[in-house]
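Asks: Structure provided below as structure tokens; questions to follow.
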Amino acid sequence: AQKITQTQPGMFVQEKEAVTLDCTYDTSDPSYGLFWYKQPSSGEMIFLIYQGSYDQQNATEGRYSLNFQKARKSANLVISASQLGDSAMYFCAMREGRVAGGFKTIFGAGTRLFVKA
Amino acid sequence: DARVTQTPRHKVTEMGQEVTMRCQPILGHNTVFWYRQTMMQGLELLAYFRNRAPLDDSGMPKDRFSAEMPDATLATLKIQPSEPRDSAVYFCASGLGDRSTTEAFFGQGTRLTVV
């Protein structure tokens, strides 16, 4: 069964500093994708970054990078140079890569990030 | 600017009434997801479609919920009869392809309140 765990209900970070949001996962499927989404107070879900299970390098998208440690089954999101606008809920998600019958994407419980001025 | 469109954005209804939520996926996307978000349960996958065919709706209460894709540009989620515990934000998301590498793009959600 799939499982996504985000152990930090809330995090504080000082503006302009870096912050790491933790995510661990559990799957028996060798092929899977890991995603991070941001949900600001407006409620929309914004895709941030993706990491494939077979990718050799950690994914990066601007100020976002994904610290992928496959053996530990962790996919932590690192936000560099935090900005006030980064204050939001952050969700880690995983999709298995089954060929037949489709696939599911499940989400962790989320981490609420507060950026302090 | 391609985006997933959900209607209505807000819905308040009385217990027992039928509720229909609509979603227009991004043109060309062949995978559609329905999620429900509550404070207690977080984001739950209710159902998803690939090429308009339902692949998995195991997350959906079958007795009152139904999801369909009448055509490639419309997905619907119906609740009949609605109950107060159905109050939540319902998200539709769409994606291109059916591999694990595809991210899902979310609509703005329908906030449902059942009184």
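The values are calculated or read from the model by the stated rules, or taken from the named source; none is laboratory data. Everything numeric in this text was worked out from a predicted model, so none of it was measured. Cβ sites come from the backbone with ideal geometry, for glycine too, and all protein chains shown count toward neighbours.
Asks: From the set of residues in segment B:78-99 that are in a strand (DSSP E or B) and among the hydroxyl-bearing types (Ser, Thr, Tyr), which is surrounded by the fewest Cβ atoms within 10 Å (Cβ to Cβ)?
Replies: Of the residues in segment B:78-99, the ones in a strand (DSSP E or B) are B:78-79, B:88-95.
Imposing the further condition that a residue be among the hydroxyl-bearing types (Ser, Thr, Tyr) reduces the set to B:90, B:94.
Working: B:TYR90: 22, B:SER94: 26.
By that ranking, first place goes to B:TYR90.
Asks: Shifting gears a bit: Please go through (1) buried (at least 21 other Cβ atoms within 10 Å of the Cβ); (2) without any contact (Cβ under 8 Å) to a residue 60 or more places away in the chain; (3) out of contact with any Phe, Trp or Tyr (no Cβ under 8 Å at 6 or more places or on another chain) for A:LEU77 and return the number of the only condition it doesn't satisfy.
Replies: If we test A:LEU77 against (1) buried (at least 21 other Cβ atoms within 10 Å of the Cβ); (2) without any contact (Cβ under 8 Å) to a residue 60 or more places away in the chain; (3) out of contact with any Phe, Trp or Tyr (no Cβ under 8 Å at 6 or more places or on another chain), just (3) comes out false.
Asks: Run down A:SER74, A:SER28 and say which single residue is within 14 Å of another protein chain (Cβ to nearest Cβ) and farther than 30 Å from B:THR110 by Cα.
Replies: A:SER28
Asks: Select from segment B:27-44 the residues that are among the aliphatic types (A, V, I, L, M) and either at pLDDT below 90 or surrounded by fewer than 18 Cβ atoms within 10 Å (Cβ to Cβ) (or both) and write down the one among them that is farthest from A:THR5 (Cα to Cα).
Replies: Per the stated criteria, the residue is B:LEU27.
Asks: Same structure, new question: Could you grab me the full set of residues in segment A:97-112 that are within 7 Å of chain B (Cβ to nearest Cβ) and modelled with pLDDT under 70?
Replies: A:GLY97, A:GLY101, A:GLY102, A:PHE103
Asks: Name every residue in segment B:37-77 that is hydroxyl-bearing (Ser, Thr, Tyr) and assigned to a strand (DSSP E or B), in order of residue number. Give the steps one after another, and end with the answer.
Replies: Filtering segment B:37-77 for residues hydroxyl-bearing (Ser, Thr, Tyr) gives B:38, B:48, B:58, B:66, B:73, B:76.
Listed by number, the residues that qualify are B:THR38, B:TYR48, B:SER66, B:THR76.
Asks: Let me ask another. For the condition of a type outside the set (D, E, K, R), more than 19 Å from B:GLY42 (Cβ to Cβ) and facing chain B (nearest Cβ under 9 Å), what is the one hit in A:GLY43, A:GLY52?
Replies: It is A:GLY52.
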